[in-house]
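Notes follow once the structure below has been shown.
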Amino acid sequence: MFKRILISAAVAAAVSTPVMAEVSISGSAEMDFFYRTNQVASNGENAFGQEVAIIVNIDGKDKLDSGDTLKWRLAQKVATDYRYDSFGQREAWIGYQGGWGELRFGNQFSNQYLTLDWPYGAQGQGNLWADFGAQSVNYARAISYFSPDFGGFSMQAQYDLGEGTGDAYAYEVTGTYNADMGAAGKLRLDAGYSEARNNGAASSEAFVFGANGGWGKSGDFSKDNKASVINAGARYFIGGFDVAAAYKRNEWKGDVNDKIHTGTGKTTVDQYLIRAGYTTGKHNMNLGYQRVADSKTDGVTANDGIDVINAQYNYALSKNTSAFIQARHHMFDNANKTSVMHGSWQLDGAANNGEDSATRILVGTWTAF
C-alpha cells in the first residue's frame, strides 16, 4: 500500500498546531490475454482478446475526540477502451466507525455482490456466480450498517434512498460467521438476501440500478417489478487445502424484461457452485464446477440450463504479484444457447449458432498495491 500523510495547517499564526489526517492509496492492476471459442463477434469463429483492469482506491480516516473514527473512500476502475469513466463512480462514501459498528453513507458496493464475487466467484467462477443474476451490484444513495464481531458472527444491512418520486424499495441483509477450530481447520459461512423494485430496465445482468443514468447513479425503486436473490455458502480450510460450496436463487417478478421472460409472471433460476483448491509454496491450484439450473416461469420449466467447469493455476511472482492461467468451459443444455442471459458476454462471447459449448483459455497477471 502506498501511503501519504496530508498535513493542513492553520494560516492565522505561526504558533497554530497542524491538523493531520491519514490518507492511503491502494488498488490492483490486472492484465488478461485470452483465447475464446465459438464467438458471436466473429460469426462463430474462435478469437483472441485482452482486457486490462486497473483499480485505484483512495481512503482516508481521522480519529475523533470521542474515540470513534471518521472514514471515507473514493474509488474507480480506471478507464479502459469501452467502459468506466468519471472518478468516483465505483465508490464514493463517508463512514463513522466505533465500538458500536460502522455506518456509511454514499455510493457503495452491495455487500451481497462482493461476497458472490469473492470469495465464491474467484478463480474464474464469477461470470455466472456474481455477474449473472437478480442481485444488486452497487447502491448509489446507500445507508449501510456493519456490526461489530460477536464471537465470529457479523452482519451487514444496506438500504438505497433512490431517486424516484415514491418511497424507495431496495435493501439487503447479509451475514458471515468465522470459526477457527485449531488443528481441525477453519470454517466460514455466508448468507444473504436482497430485494429491490425497479423501473423495468432489469435484465439477467446483475443490477447496476439507475442503468438509465449509468454506474454510480441511484434508481427509481418505487415500481412493482421486483428482483430478489437469496444466497448461502460455506468455505473450509485445513493445511494447504480449501473447499467451497454455495447456493443461490434468483427471482424476477413483474414486467421486467422479455429477455428474462414475457408477460408479468415470475421467473426463478437456481445456481450451485463447488470449488476445491490447494496451495503449496508459490503454487496454487483450483478446480471448480457450476450448475445454472433450467429457469422456471410461472411453474413451467425451460430447457436452458448450463454446466460450467473451470480450472486455474496461480504462481506468486512476488508478495504482491501473481501470474495465472485459467480455463473455463460452458456446456449448454440447449444447443442453441437458449438461456435467460441477455448478453453473449455473460457466456464468454458464445454465439447462438447451434454449438453446445464455448471455451475460454486465459493467461494474465494480477498486482496489488
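I'd like to know if region 179-187 contains one or more residues that are farther than 29 Å from N310 by Cα and open to solvent by less than 30 Å² (accessible area, probe 1.4 Å).
Checked against the condition, which is being farther than 29 Å from N310 by Cα and open to solvent by less than 30 Å² (accessible area, probe 1.4 Å), region 179-187 yields no hits at all.
Please find, within region 52-95, the residue that is surrounded by the most Cβ atoms within 10 Å (Cβ to Cβ) out of those that are of a type in the set (K, R) and at pLDDT 95 or above.
Looking at the filtered set, the residue picked out is R73.
Filter region 28-46 down to the residues that are in a strand (DSSP E or B) and either modelled with pLDDT under 90 or open to solvent by 30 Å² or more (accessible area, probe 1.4 Å) (or both) and list them by number. Explain how you work it out, then say what you get.
Applying the first criterion (in a strand (DSSP E or B)) to region 28-46 yields 28-36, 39.
Across region 28-46, the qualifying residues are A29, E30, M31, F33, Y35, R36, Q39.
If only one of A335, A293 is surrounded by fewer than 19 Cβ atoms within 10 Å (Cβ to Cβ), under 26 Å from Q135 (Cα atoms) and among the small types (G, A, S), which one is it?
So the residue among A335, A293 that is surrounded by fewer than 19 Cβ atoms within 10 Å (Cβ to Cβ), under 26 Å from Q135 (Cα atoms) and among the small types (G, A, S) is A293.
Which residue is surrounded by the fewest Cβ atoms within 10 Å (Cβ to Cβ), if the candidates are limited to region 209-253 and must be among the basic types (K, R), closer than 21 Å to A293 by Cα and at pLDDT 90 or above?
Here the residue is R249.
Tell me yes or no: at least one residue of region 170-177 is in contact with a Pro (Cβ under 8 Å, 6 or more places away or on another chain) and either buried (at least 16 other Cβ atoms within 10 Å of the Cβ) or under 28 Å from A311 (Cβ atoms) (or both).
no
Please go through region 100-125 and give me each residue that is open to solvent by less than 10 Å² (accessible area, probe 1.4 Å) and in a helix (DSSP H, G or I), ordered by number.
Q112, L116, P119, Y120
Checking N303 against (1) in a loop (DSSP other than H, G, I, E, B); (2) at pLDDT 95 or above; (3) open to solvent by 70 Å² or more (accessible area, probe 1.4 Å): exactly one of these is not met. Which one?
(2) is the only condition that N303 fails.
The values are calculated or read from the model by the stated rules, or taken from the named source; none is laboratory data. What you are looking at is a predicted structure, and each value in this text was computed from that prediction instead of being measured. No Cβ is skipped: glycine too gets one built from the backbone with ideal geometry, and neighbour counts run over all protein chains shown. Keep in mind that these areas ignore ligands, DNA and RNA; they rest on the heavy atoms of the full protein, side chains included. Shrake-Rupley method; radii C 1.70, N 1.55, O 1.52, S 1.80 Å.
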